[in-house]
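Have a look at the structure below before the remarks.
Throughout, read-outs are computed from the coordinates displayed, never taken from laboratory work. Model, not experiment: these values are computed from the prediction. A quick note on method: Cβ atoms are made from the backbone with ideal geometry, for glycine too, and the neighbour counts reach across all protein chains shown.
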């Protein structure tokens, strides 16, 4: 059974993770319950390094944000919801979901950690929110999960991912944010499958040397 010291160390580790992701003192305090003065003493030796400014207000912001911000917010929120449904605690889920969001979306990330905290608060009705304002729904057309106001019936018109697809050919900003990646050379896969079939047919104990596959452009021996 975890001791009181174990629980405190876990809380401090969570606070450290939050501070490294750019959280302000208010955010860390809400997530961990640590006193603001202790948070400043532990993680912000330089007072000038303390994140400042007006805290995010997602219920006001999300519905007026541009398409790319709403898309990023939906990506984070979908990851957050999946982890929460898997049984993880809110604080650990927030940190894990935000790190995963950073890996999925190209830097610089449009959603700050404080914004992610605010979105999670208003999705679960925790921390700074008394009740939920958002929910994650599934688009009936593309099957993507996206963030919307609580109680909204999922429609294609409200899906930011459907809009991204519609605008992709004509909007350079969308193309830059979601670059396409070249498909692998199918011949590589074909040669790999040929090698697997050869090994299966020759048997596990057969020491015969495998024939070298030929690739497009190889010179044939004369």
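Of the peptides 77-83, 150-156, how do they stack up when ordered by the mean number of other Cβ atoms within 10 Å, highest first?
77-83, 150-156
Evaluated at q = 0.17 Å⁻¹, a Debye calculation over the C-alpha positions of segment 57-202 (equal weights, vacuum) places log10 I(q)/I(0) at -0.94. Using the average count of surrounding beta-carbon atoms within 10 Å as a protection proxy, the listed peptides 19-28, 44-53, 125-134, 109-118 rank, highest first, as 109-118, 19-28, 125-134, 44-53. Size of segment 7-53: Rg and Dmax of its alpha carbons, in Å, are 9.6, 31. Peptides 138-147, 56-65 ranked from most to least packed, by the mean per-residue count of other Cβ atoms within 10 Å: 138-147, 56-65.
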